[in-house]
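The values are calculated or read from the model by the stated rules, or taken from the named source; none is laboratory data. Please read all numbers here as calculations on a predicted model, not as lab measurements. Counting neighbours? That spans all protein chains shown, and the Cβs are built from the backbone with ideal geometry, glycine included. When the accessible area is computed, the model is the full protein with side chains, heavy atoms only, and any ligands, DNA or RNA have been set aside. Shrake-Rupley method; radii C 1.70, N 1.55, O 1.52, S 1.80 Å.
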Amino acid sequence: MIINGVQIDDTFAEAFNMRATRVIITAQNLKWAYHAANATTGFATSVIGCGVEAGIERELSPEETPDGRPGVAILMFAMGSAVLMKQLETRLGQCVLTCPTSAAFSGIEGPQDSVTRINLGKNLRYFGDGFQISKQFGGKRYWRLPVMDGEFLTEESTGMVRAIGGGNFLVLAESQPQALNACEAAIEAMRRLHNVIMPFPGGVVRSGSKVGSKYKALFASTNDAFCPTLKGLTKTELTPDIESVMEIVIDGLTETDIRNATRVGITAICELGAKNGIKRISAGNYGGKLGQFQFHLHAIMRENSI
Amino acid sequence: MSALTFTLKIAPKQPIDCSSLTPDVLVDKSADAIAAMELNNGKQKLRVDTVFDISGKDSDNVVFKNSCNRLDFIGCRMSSGRVTVHGDTGAYLGLQMRGGEVIVNGNTEAFTASGLSGGMIHILGNVGDFVGAAIAGDKKGMAGGVVIITGNAGDRAGDQMRRGILLIEGNAGSYCGSRMLAGTIGVLGTVDSYIGYGMRRGTLLLTRTPALHATIQDCGSHTLPFLSLMFKSFAMLPTRFADINKNRVRRYAGDLANDGKGEILILE
């Protein structure tokens, strides 16, 4: 399959069961909602070292938020529910509670058989030292914490759902700047979609890994088959014209969300095409042995757009 | 199916206990069985068909016509369905109700909505003393649900209230929210003295500053974000509180005499 001179490898991305939650963060204006959200989703690029993968899903207009103020929605993914719950409470307390004018609300609702309620402000209330106030209306419970800037309002819980992490595709280019330019275009297009985040810095990861290492202590190491400076030295997946490879990793709430995001990203890159140095699109997998999901690039590119 | 309708045909001197005339109790009962049910009236029992003319079949939709203030315990312990009253009712309307809806086109007496834990009670008239309050001997008042009163409330509205929402569109008497433990009481009209007496927690929402006793203290003017959410949540309720669009209030806290951290908010 070749699109605008870019070869789409006949391969698949291998992805995993995860748990995810969404939180709506509002503030006096978007600038401060972003400050809170950036702090909350910072240092959350990979579950390997950060516990969670998190990112800003999208901006919300005042009409879309519970309190009628500007806000953003963030998504957070983890391998297990315990980690997700703990990280959510910690990040909320350190990054949202502390941010001026912020408020936090549940971002996922649904029936008990598909959505588990997890703590949002439930334990933060103790910061109020006895002065905290609970309010229940509209079928929800909120906590009001007296803080120096006024009052911090948060919902008691948010929803946690089963989700998918590790959807990905690799961008193989003739130069580093061209690989980056292509990935930027992909991320810009993908950011318009709901239900997905691309957790790495700027949405792009330059240091894709493989399972295993010559060092007993490491369980992952650089994916040498895709490292361009090792083309002559290792069992390479690269052709001589490839000078740089970057990867976009996608975490999403459903398979359809990841498929759509993959397609949107690859399409944006193919629009730049071979004349902008993009030679191939590939994907990372473990031979289908580890993950519960497989995202086959050809099938995805043949699907109709959302 | 037409509503199961009870039209009062006598003028009782003593209160009649109508607690068994709810959708929960009447469901699947035949017309004969309903007519034969007995209601306490003082020290005697009266057959339902002695007190009321009965018509209709839908026990999920019970209607009282020609009601008067001698009909006590209407809607008692209801968990679903709807009860509509045309006329006044007696005391203990909606006692310990758990769900469903009670609508009264008239006034009610004391202890309306006492022990309420869910559902909605709408009084298009005035209520007596102790609305939403604990009955004598109980330590906690209404625990949930919504009460909307288009007229006035008597004294001790929400006494020992434990949660839930009590909205009074008219005036309230003295000791409004006394010994309140949690929940929200709103009053669009005036309140008499000793509002929040012995309050521990909970929110009293007013439109004008009342006379406040010494242990209710001023915390200044504030913009409180939760008010926007709360008024938005009233949008589906038949109340003028849904039209309020403010979140700036003067906050008074207390009752300090009871170590209370409740609040009286006066919309600015």
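For the stretch B:142-172, a reduction of at least 50 Å² in accessible area between the chain on its own and the assembled protein chains (probe 1.4 Å) is found at B:Arg163. Rg/Rh for chain A (Cα atoms only, Rh after Kirkwood) is 1.02. When the stretch A:104-193 is described by a simple charge dipole with +1 on each Lys and Arg Cβ and -1 on each Asp and Glu Cβ, the residue from A:Gly130, A:Thr154, A:Ala186 located farthest towards its positive end is A:Gly130. Element breakdown for chain B at a 1.4 angstrom probe: carbon and sulfur atoms account for 46% of the accessible area.
Hey, which aspartates and glutamates would be in cross-link range of B:Lys261, C-alpha to C-alpha under 18 Å, not counting anything within fewer than 8 residues on its own chain? Within the straight-line limit of under 18 Å, B:Lys261 reaches these aspartates and glutamates: A:Asp129, A:Glu151, B:Asp159, B:Asp218. Using a 1.4 angstrom probe on protein heavy atoms only, the contact between A and B buries about 1400 square angstrom of accessible area, both sides summed.
Shown for the stretch A:95-141: residues covered by the partner protein chains by 10 Å² or more of accessible area relative to the chain by itself (probe radius 1.4 Å), namely A:Gly130, A:Phe131, A:Ile133, A:Lys135, A:Gln136, A:Phe137, A:Gly138, A:Arg141. Residue by residue along B:216-227, Cβ atoms of other protein chains within 10 Å of the local Cβ number 3 on average. Between A:Gln87, A:Pro111, A:Trp143, whose Cα lies farthest towards the positive end of the dipole of the stretch A:6-159 when Lys and Arg beta carbons carry +1 and Asp and Glu beta carbons carry -1, centred on the Cα centre? Of the options given, the answer is A:Trp143. Centre-to-centre separation between the Cα atoms of the stretch B:114-167 and those of the stretch A:117-137: 25 Å. Taking a temperature of 20 °C and a viscosity of 1.002 mPa s, what whole-number D in µm²/s does Stokes-Einstein yield for the protein assembly as shown with Rh from Kirkwood over alpha carbon pairs? Translational diffusion coefficient: 78 µm²/s. Think of each Lys and Arg Cβ as +1 and each Asp and Glu Cβ as -1; about the Cα centre, that makes the dipole of the stretch B:114-268 roughly 420 debye. Would you work out which of A:Phe169, A:Gln28, B:Thr215 lies farthest towards the positive end of the dipole of the protein assembly as shown? Charges go on Cβ: Lys and Arg +1, Asp and Glu -1. Value computed over the given set: B:Thr215.
How much area per residue is accessible in the protein assembly as shown when the probe is 1.4 Å and only protein heavy atoms are counted (Å²)?
The answer is 43 Å² per residue.
Dividing the mean sequence gap of close Cα pairs (under 8 Å, 6+ apart) by how many residues chain A holds gives a relative contact order of 26 percent.
In the protein assembly as shown, the DSSP-assigned H stretches of four residues or longer account for a calculated mean residue ellipticity at 222 nm of -4500 deg cm²/dmol, using -39500 (n - 2.57) per stretch and the full residue count as denominator.
For the stretch B:50-73 and the stretch A:164-230, what is the centre-to-centre distance using only Cα atoms, to the nearest Å? Value for the Cα centre distance between the two parts: 72 Å. Each other residue within a Cβ distance under 13 Å of B:Gly106 adds +1 if Lys or Arg and -1 if Asp or Glu, for a net charge of 0.
Of A:Lys86/B:Lys140; B:Lys45/B:Lys140; B:Lys139/B:Lys232; A:Lys86/A:Lys216; B:Lys13/B:Lys65, which sit over 24 Å apart, Cα to Cα? Beyond 24 Å: A:Lys86/B:Lys140; B:Lys45/B:Lys140; B:Lys139/B:Lys232; A:Lys86/A:Lys216.
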